[in-house]
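The values are calculated or read from the model by the stated rules, or taken from the named source; none is laboratory data. None of these values were measured; they are calculated from a predicted model. Cβ sites come from the backbone with ideal geometry, for glycine too, and all protein chains shown count toward neighbours.
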Amino acid sequence: MLPVLAALLLVLSVGCGGEVVEEEFDGVDEPYLMNGTPTTNPFVVKYCGGGTCCTGTFVGPRALLSSRHCSPGLQVGQYLSVRRYHQRSGGEVTYDFQVKELLRHAYGVDGLLLIELNRDVGPHTGVCQELFEPGDVVKRYGAGGTDPDGNHQDGILRTATQHVFASGHADYGMGPRHGSPGDSGGPFMHENSVMGVTWGHRWKQGLWDVITGTRKEWDVATNLADGWVFQQGIQVAKRRCRPDLSLAWARGSGRGMFNRVTAGTSGFWWVPAEWTNTIEFKNEYGQAMGSLYLGGGAKAKGSARADKGFCMIVASGDRINFYQSDGDHCRSPAGTIYLQGANLRGTSTAGGSAGGHFGGVTGRLRTIELRGTARSGSLGSLYFRP
């Protein structure tokens, strides 16, 4: 078996599951999948068969997804010994499944392994259909050993959190985050949906070229975005892992000088904000000046406040940053509204570097227009982008 060594998730051109990550990510990858954090996941299993033990994921009612190089001795009709976490009992249980169909898909020197089993597997997850984006957080799983050469395989399922910080290629170069034999075939997951499968010492994404590397310098995964797993006649669950940003829009209006903006907040700092589809604008007395309704799956949370009024509003992807004057310049942060399921771009300034006020806002589907006082008119717009 090719060793699965490595670590720093450089990227992906794949998609992955769920709406948002479960926890805030501080930008620091967790060290070591090998000897990493023990965990439980009812969808990720360790299986043995044909003289090999690897990690795999149940992605359909009878579908097990793993790495191609894990199957040198596997044949249709053979039995697999599968160990998984049993939610009801709170412990691990071993099951025997018979291989009904065995499909291999080559990517460079390795690739994917899709196994159809003879009976239902019970709880299962699915495979993402969308592409990954920089900043996405993924969890890597493996049930391998505690040393890089595989001399000690305890089969304990472990996880490590990693992040995507570029798009178009992937690199797991030697760092403190390497895995061990037995981790092969384990998933990279986003919100418990599979976006990639770990294998040996190189990486190939979909139909792209293998990134050059030498054994023990690279850890890799196979990109699932080309859809092969959905085209084999074996039922594999599809997951919508990322909202369609092209659907986001806003409608509504507000009139009058506003210096408070809130979304999903209670007004008390100790109560965490929740995602909502409404952004509210208020004046210095807390009176409502109007609101914007977000549609197409877009949501927002956060707050901004400037007692003397905002001087600039900047939308940058998944957030809207508000600024107030620091006396001579318009550069003092006054708060942020965070977005989900929307890509918003644009800058609106109110009357120069330090002065001026916003006196109104209008949402017109793919555009949010900011206005000044009755005399100053439009001060710029923010635009929804796919």
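Before we move on, is D136 at pLDDT 60 or above, surrounded by 23 or more Cβ atoms within 10 Å (Cβ to Cβ) and of a type in the set (D, E)? Spelling it out, D136 is indeed at pLDDT 60 or above, surrounded by 23 or more Cβ atoms within 10 Å (Cβ to Cβ) and of a type in the set (D, E). A single member of R371, R331 is of a type outside the set (S, T, N, Q), assigned by TED's automatic domain parsing to the domain that holds V261 and either loosely packed, with under 14 Cβ neighbours inside 10 Å or closer than 25 Å to L245 by Cβ (or both), and it is R331.
Of everything in the range 237-275 that's at pLDDT below 85 and aromatic (F, W, Y), which residue is surrounded by the fewest Cβ atoms within 10 Å (Cβ to Cβ)? This residue is W270.
Being more than 27 Å from the chain's Cα centre (by Cα) and part of a strand (DSSP E or B): is that true of M257 here? Answer is no for this residue.
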